[in-house]
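The values are calculated or read from the model by the stated rules, or taken from the named source; none is laboratory data. Bear in mind that the values here come from a model prediction, so they are computed numbers and not experimental data. No Cβ is skipped: glycine too gets one built from the backbone with ideal geometry, and neighbour counts run over all protein chains shown. To get the accessible areas, we keep the full protein, side chains included, count just its heavy atoms, and leave off ligands, DNA and RNA. Shrake-Rupley method; radii C 1.70, N 1.55, O 1.52, S 1.80 Å.
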Amino acid sequence: QVQLVESGGGLVQAGGSLRLSCAASGRTFSDYALGWFRQAPGKEREFVAAISWAGDTTYYADSVKGRFTISRDNAKSTVYLQMNSLKPEDTAVYYCAAGAGGVGYSGRLYDYWGQGTQVTVSS
């Protein structure tokens, strides 16, 4: 089992920045690829970013490419999502996820999910 706890969400004005963190405990953190997903009210969950276990491969949704950066610190068992140039359409609950099957866009690759952290971007 892997437990994931997100933090760092909040209210920010459009154009601002936030850094989300996701701390993991349980099994060996470096065995897992990690992803960030988000879900806005009335919408389906969508992929945001993902990073391989070694940190050498990353994927981004087109909507966040160039604005968001995913990174991980295996020594701290933590994954980060640096979000810059935030837009009102980025408003959502953000979830981190861990999976041992490989890194990618699909939520089906990830076996463990956090409870989420709210990000609200005002215009």
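Taking a point 7 Å out from the Cα of Thr120 in the direction of its Cβ, the residues of the stretch 79-98 whose backbone N falls within less than 15 Å of it are 88-94.
Accessible surface calculations at 1.4 Å, restricted to protein heavy atoms, place the stretch 72-123 at 48 Å² per residue.
Our summary gives the chain a relative contact order of 36 percent, counting only alpha carbon pairs under 8 angstrom and 6 or more residues apart. When the solvent-accessible area of the stretch 27-123 is split by element, carbon and sulfur atoms take up 44 percent of it, the probe being 1.4 Å. Averaging the Cα positions of each part gives two centres, and for the stretch 45-104 and the stretch 25-44 these lie 8 Å apart. The 3J(HN,Hα) values that the Karplus relation (6.51, -1.76, 1.60; θ = phi - 60°) gives for the stretch 25-32 are, in residue order, 9, x, 6, 4, 4, 6, 7, 10 Hz. Gly and Pro appear as x.
Residues whose amide H falls under 5 Å from that of Trp53, counting only those 5 or more places apart or on a different chain, are Ala33, with hydrogens built in the peptide plane.
The shape of the chain can be summarised by an equivalent ellipsoid whose semi-axes, obtained from the alpha carbon gyration tensor, come to 23, 14, 14 Å from longest to shortest. The charge dipole of the chain, taken about the Cα centre with unit charges on the Cβ atoms of Lys, Arg (+1) and Asp, Glu (-1), comes to about 100 debye, rounded to the nearest 20. Using the Karplus relation 6.51 cos²θ - 1.76 cosθ + 1.60 with θ = phi - 60°, the per-residue 3J(HN,Hα) values for the stretch 5-16 come to 10, 8, 8, x, x, x, 9, 9, 7, 4, x, x Hz, with x marking Gly and Pro. Other residues lying with their Cβ under 13 Å from the Cβ of Gly99 contribute a combined charge of 0, Lys and Arg counting +1, Asp and Glu -1. Springs between alpha-carbon pairs under 10 angstrom, Gaussian network model over the chain: which of Leu81, Leu20, Leu11 fluctuates most? In this elastic network of the chain, the residue with the biggest mean-square fluctuation among Leu81, Leu20, Leu11 is Leu11. Summing +1 for each Lys or Arg and -1 for each Asp or Glu among the other residues whose beta-carbon sits under 13 angstrom from that of Gly116 gives +1.
In order along the stretch 94-110, the phi-based Karplus estimate (6.51 cos²θ - 1.76 cosθ + 1.60, θ = phi - 60°) of 3J(HN,Hα) comes to 9, 10, 9, 8, 10, x, 9, x, x, 9, x, 8, 7, x, 5, 6, 10 Hz; Gly and Pro are listed as x.
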